[in-house]
1. For the structure I just gave you, tell me whether residue 5 is more than 11 Å from the chain's Cα centre (by Cα) and of a type in the set (D, E, K, R).
2. Among the listed residues 24, 43, which satisfies the condition of being free of Cβ contacts under 8 Å to residues at least 24 places away in the same chain and not in a helix (DSSP H, G or I)?
3. What pairs come out if I take residues in region 1-21 that are of a type outside the set (Phe, Trp, Tyr) and pair them with residues that are modelled with pLDDT of 95 or more and open to solvent by 50 Å² or more (accessible area, probe 1.4 Å) whose C-beta lies under 6 Å away, six or more apart or interchain?
4. Inside region 46-72, can you point out the residues that are outside any helix (DSSP H, G or I) and of a type in the set (Ser, Thr, Tyr)?
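The values are calculated or read from the model by the stated rules, or taken from the named source; none is laboratory data. This is a predicted model, so every value here is computed, not measured. Positions of Cβ are backbone-derived with ideal geometry, glycine not excepted, and every protein chain shown enters the neighbour counts. Keep in mind that these areas ignore ligands, DNA and RNA; they rest on the heavy atoms of the full protein, side chains included. Shrake-Rupley method; radii C 1.70, N 1.55, O 1.52, S 1.80 Å.
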Amino acid sequence: MLLTEQQVTAIKRKRGELDLSITDLANTTGVSKWTLIDIFKHDHRNVTSITFKKLNDWLIDEYNNDLVKVAK
């Protein structure tokens, strides 16, 4: 599956907001740090469906957490 530039930008932005290292992001998402490095630094956008789902699920969960914080 192909990650879009918007998805990669959103993942990078959220990673920065949370001040996560690549290792921390790998541990949180379950995606290998080497895969994340390829995505971020080498424009590797064609990933497995499992990697795609893990990254999207993490991103959605984080944005939902933000919405809950704002609603309180």
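1. yes
2. Going through 24, 43 in turn, the sole match is 43.
3. Pairs that qualify, where the first residue is of a type outside the set (Phe, Trp, Tyr) and the partner is modelled with pLDDT of 95 or more and open to solvent by 50 Å² or more (accessible area, probe 1.4 Å), are 1/49; 2/46.
4. 48
To keep it simple, each residue is scored yes or no on (1) open to solvent by less than 70 Å² (accessible area, probe 1.4 Å); (2) under 11 Å from the mean Cα position of the chain (by Cα); (3) basic (Lys, Arg); (4) modelled with pLDDT of 95 or more.
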| position | (1), (2), (3), (4) |
| --- | --- |
| 12 | no, yes, yes, yes |
| 15 | yes, yes, yes, yes |
| 21 | yes, no, no, yes |
| 26 | yes, yes, no, yes |
| 32 | yes, no, no, yes |
| 36 | yes, yes, no, yes |
| 42 | no, no, no, no |
| 56 | yes, yes, no, yes |
| 64 | no, no, no, no |
